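Comments concern the structure below.
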Amino acid sequence: MASPVRRPGLPGRLWALTEVRWAAAATLLFALGGLAQLADAPAPVWWTLYLACYAAGGWEPALAGLRALRERTLDVDLLMIVAALGAAGIGQVLDGALLIVIFATSGALEAFATARTADSVRALLDLAPERATRVHDDGTEEVMPAADLDVGDVIRVRPGERIGADAVVVDGASDVDQAGITGEPLPAPKHPGDEVFAGTVNGAGTLLARVHRPAAESVVARIVALVEEASATKARTQLFIEKVEQRYSVGVVVATLALFAVPLAVGAALQPTLLRAMTFMIVASPCAVVLATMPPLLSAIALAGRHGVLVKSAVVVERLADTDLVVFDKTGTLTEGAPRVAEVHPVPGGPDEDELLRLAAAAEHPSEHPLAGALLAAARDRGLALPAVDDFTATPGRGVVATVEGRRVLVGSPALLTECADVDPAVGGIIDAVQESGRTAVVVVVDGAVGGVLGLADRARPGAAEAVTALTSLTGARPALLTGDNPGAAARLAADTGIEEVHAGLLPSDKVDRVRAQQRAGRRVLVVGDGVNDAPALAAADTGVAMGRQGSDLALRTADAVLVRDDLAALPALISLARRARRLVVANLAIAATFIAVLVTWDLVGHLPLPLGVAGHEGSTVIVGLNGLRLLRSRAWRLAGTGR
């Protein structure tokens, strides 16, 4: 048996980053050069080591700067390289090497934050199976990587297996648990012609299905693509700062040239004049300002990822921080999306409640359908002992039939009434009442006569009420409920969770109208949903959040963030974390601006030594980078969970 693939530890993941390897090489060469200089080694020895440090830590930013220059833009990378080379040109090779080392370390810190984001989120996703069983034209089977399946290939999916590709059933029948794709609380019956999705779980039957979508375009693959968006998208603040950086960098170059040319024109000495100009270029460069924004936001994304929340971009973190109203969908969002027995209605003259539930649960006992789980749980809660069953048969989409203590028991949809010779008209009324209350009607037939009707309902997720309370405290407004369900079911859930504003019976367009009305009133609206019908509201909201396990493909693609574990308690923690990240960005900008102002003033009105200027400027860059990375600690999530 193949040994499991071991995920590399933190040192291995760090070393895999190119920026980290080159920064480490530059640091080592700088240290060796310093030791050689302290040991009074010949100057060519430590000069060679320092210049090697220049090459190791400076080639990537130099290349990036030259590429930007070809596009007629000037960035901080090129300014730092020019300053370091200028320092070496006037004999201050140690100072230039120090500048290179600290600048390379700053780049490594940002690369680490970005990579940590992707690693954290990838580790959360339970993706489609790595292997699938392909059936050849001659009937032989081949177990192969699911990623290598081609459109048109036929795969066999056995009971309990995860489906390896998006495909269309060509033979067989089964119930497939596709809650993670469609949000349906009950497994969907699948017959020839029906679509199945990669990563969903097959039920009791065996299916033959023809692949109709390549692996790269499957629903699961599109979820993975969200990870790439998380580290590639830049925040509004970052983009604004980069625009300012272009003009600021040009201003720094012009001022540097003036500080060099004007004193020379009036007879100043070359070396001290060049040294002061190089020092000015270094301390005035906006490295720390540029680095002030992304590390806190990327660290927040990474921390959220480790705790079950996929945030697609740094822009989303900023929008989350502005949220002042949360709007929930009902089914699969505030509720579990899994049925439970809420009502038991025996028919007069038939078995009583306990007997009806006992017979139904016994008949369903061999089944793997979630309906069986709901009945068994209800029987267990009542302490009912279940007898053994014989002649069990399950018909996908209809129900089950079994012999229980000599009686023939059918449990399933109201369609079973067609198998009863004489149906009491009251039964139809019970079914209508159950369905009108937003519950699923399950008919129990005993020896050809209707024994009663069970009402199955979804229940609120654990912690839903607590999440509503926390969000109310955090945003200052009680969340609202928008649902397409009937008013009775919506009002019942709202009462259970503490929601006061309820809008039921809504079409997708109606949900959008409600969201936009709140936005026109000045609200920054966050919508939480899971279904296809929620996607328009998710798109219209300032921030859309989808449920990861129950969310439909469309909802997952439309949303700005995904609760991968469907944990509603993570939502108030996420908003609190986003607000803390924003506070760190503001603090970082203040730190960076203060350092630049002090160092520039010192250089212009006094004499700022180059080594001190390098240490101050690049030290401020490292400080703001490390300050942003504070959000990578697990303690930051615990504090966010308390609203701090």
**Message:** T333 - would you say it is of a type in the set (S, T, N, Q), closer than 30 Å to A188 by Cβ and open to solvent by less than 10 Å² (accessible area, probe 1.4 Å)?
**Reply:** yes
**Listing of helices (runs of 4 or more DSSP H) fully contained in the stretch 522-628 that carry 1 or more residues being modelled with pLDDT of 85 or more and open to solvent by 30 Å² or more (accessible area, probe 1.4 Å)** = 570-605
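Residues are listed down the side, and each one gets a yes or a no for (1) open to solvent by 10 Å² or more (accessible area, probe 1.4 Å); (2) out of contact with any Gly (no Cβ under 7 Å at 6 or more places or on another chain):
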residue	(1), (2)
P425	yes, yes
G429	yes, yes
Q435	yes, yes
A464	no, yes
T472	yes, yes
G488	yes, no
A491	yes, yes
T497	no, yes
**Message:** For the condition over 30 Å from D542 (Cα atoms), of a type in the set (A, V, I, L, M, F, W, C) and in a helix (DSSP H, G or I), what is the one hit in L320, L410, L386, L416?
**Reply:** L416
**Request:** Residue by residue through the stretch 588-627, note down the ones that are in contact with a helix residue (DSSP H, G or I) (Cβ under 6 Å, 6 or more places away or on another chain) and within 20 Å of A258 (Cα to Cα).
**Result:** L599, V600, D603, L608, L610, G613
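Kindly evaluate G484 against the criterion of being touching a residue at least 24 places away in the same chain (Cβ under 8 Å) and open to solvent by 10 Å² or more (accessible area, probe 1.4 Å).
Criteria met by G484.
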**Message:** Being open to solvent by 50 Å² or more (accessible area, probe 1.4 Å) and either modelled with pLDDT of 90 or more or not in a helix (DSSP H, G or I) (or both) is the requirement here; does A36 meet it?
**Reply:** no
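With the condition kept exactly as written, say whether any residue in the stretch 433-452 is farther than 20 Å from A490 by Cα and of a type in the set (D, E). Write out each step before concluding.
Going through the stretch 433-452, the residues farther than 20 Å from A490 by Cα turn out to be 442-452.
Of the ones still in play, those that are also of a type in the set (D, E) are 447.
Looking through the stretch 433-452, at least one residue is farther than 20 Å from A490 by Cα and of a type in the set (D, E).
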**Request:** Report yes if some residue within the stretch 311-322 is farther than 30 Å from A521 by Cβ and either modelled with pLDDT of 75 or more or open to solvent by 10 Å² or more (accessible area, probe 1.4 Å) (or both); otherwise report no.
**Result:** no
**Item:** Answer from V244, V262 - the residue that is under 30 Å from V605 (Cα atoms), of a type in the set (V, I, T) and modelled with pLDDT of 85 or more
**Value:** V262
**Fill in**
When every residue in the stretch 44-84 that is among the charged types (D, E, K, R) and outside any helix (DSSP H, G or I) is compared, the one most open to solvent (accessible area, probe 1.4 Å) is R72
**Prompt:** What do you reckon, is V515 at pLDDT 90 or above, assigned to a helix (DSSP H, G or I) and open to solvent by less than 50 Å² (accessible area, probe 1.4 Å)?
**Reply:** yes
**Item:** Residue selected from the stretch 481-509 under the condition under 18 Å from A535 (Cβ atoms) and at pLDDT 85 or above, by the criterion farthest from the chain's Cα centre (by Cα)
**Value:** H503
**Asked** Taking A379, is it of a type in the set (A, V, I, L, M) and modelled with pLDDT of 90 or more?
**Response** yes
**Request:** Name every residue in the stretch 130-165 that is over 16 Å from T206 (Cα atoms), charged (D, E, K, R) and open to solvent by 50 Å² or more (accessible area, probe 1.4 Å), in order of residue number.
**Result:** E130, R131, D137, D138, E142, D148, D150
**Asked** Looking at this structure, is A360 under 27 Å from A204 (Cβ atoms), open to solvent by less than 10 Å² (accessible area, probe 1.4 Å) and not charged (D, E, K, R)?
**Response** yes
**Asked** Going by the structure shown, is A342 at negative phi, modelled with pLDDT of 85 or more and in a helix (DSSP H, G or I)?
**Response** no
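The values are calculated or read from the model by the stated rules, or taken from the named source; none is laboratory data. What you are looking at is a predicted structure, and each value in this text was computed from that prediction instead of being measured. Neighbour counts are summed over all protein chains in view; Cβ atoms, including those assigned to glycine, are modelled from backbone coordinates with ideal geometry. Each accessible area value is taken on the protein alone, full model and side chains, heavy atoms only, with ligands, DNA and RNA left out. Shrake-Rupley method; radii C 1.70, N 1.55, O 1.52, S 1.80 Å.
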